[in-house]
1. Does anyone have the angle between helix 138-155 and the longest principal axis of the chain? Alpha-carbon axes, 0 to 90°, nearest 10?
2. Take every Cα pair under 8 Å in the chain that's 6+ residues apart, average their separations, divide by the length, and report that relative contact order as a whole percent.
3. Mind pulling the angle between the C-alpha long axis of helix 66-88 and the longest principal axis of the chain? Nearest 10 degrees, somewhere in 0 to 90.
4. For the chain, find the longest principal axis of its Cα atoms and tell me its angle to the long axis of helix 11-31, 0 to 90°, nearest 10.
5. Between residue 155 and residue 40, how high is the FRET efficiency from 1/(1 + (r/R0)^6) when r is the Cβ-Cβ distance and R₀ = 25 Å? Nearest 0.05.
6. Could you give the C-alpha radius of gyration of segment 80-163 expressed as a fraction of 2.2 N^0.38 Å, taking N as the number of residues it contains?
7. Calculate how many DSSP beta bridges within the chain are antiparallel, expressed in % of all such bridges and rounded to the nearest 5.
8. By how many nm would the segment from residue 81 to residue 126 grow when fully extended, if each residue of separation counts as 0.36 nm and the alpha-carbon distance is taken off?
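FYI, it's all coordinate maths here, none of it is from the lab. From a predicted model like this one, the values you see are computed outputs, not experimental measurements. Positions of Cβ are generated from backbone atoms using ideal geometry, with glycine treated the same way; all protein chains shown enter the neighbour counts.
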């Protein structure tokens, strides 16, 4: 009996996210000056190079460096668990595989920065008047979209009828 194809092929999407993330970060590092906004859509979107040694919203950014390794271990651990989940899914289960692949790609994209530089490179800034969302990157976007899709698809999942 041959095993059914699993969803590990969705890791190709993770590789695409990592590649796009690293390419855009490379462009940001070579073309932008740190913390100098460049209007893309005036009143809404800037390119602005920023560096985050912490996690989302600069959580633990003010620590003395140990957080780099904590977040690196978390990225590896979460990615491994999600890859195992993918290995147990049927290949066609895109409602679960798509979000998992996005999260893995985002986590590993930011892991590369943490290991190379000790911080994550961000360059997208959304703002309105005096309010500004913290700068983020493609990896962050993939993680957020993946997490939202997991919730949305999970809420829409059909429940087995009660016996």
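1. Here the helix axis deviates by roughly 40 degrees.
2. Numbers: 251 pairs, mean separation 50.7, N = 163.
About 31 percent, as a whole number.
3. 30
4. Result, in degrees: 0.
5. Working: r = 33 Å, r/R0 = 1.33.
Between residue 155 and residue 40 the formula returns 0.15.
6. Values: Rg = 16.5 Å, N = 84, 2.2 N^0.38 = 11.8 Å.
In units of the globular-protein estimate, segment 80-163 measures up at 1.39.
7. On the way: 13 of 14 bridges.
About 95 percent, rounded to the nearest 5.
8. Working: separation 45, 0.36 × 45 = 16.20 nm, distance 3.17 nm.
Taking residue 81 through residue 126 to full extension adds about 13.0 nm, to one decimal.
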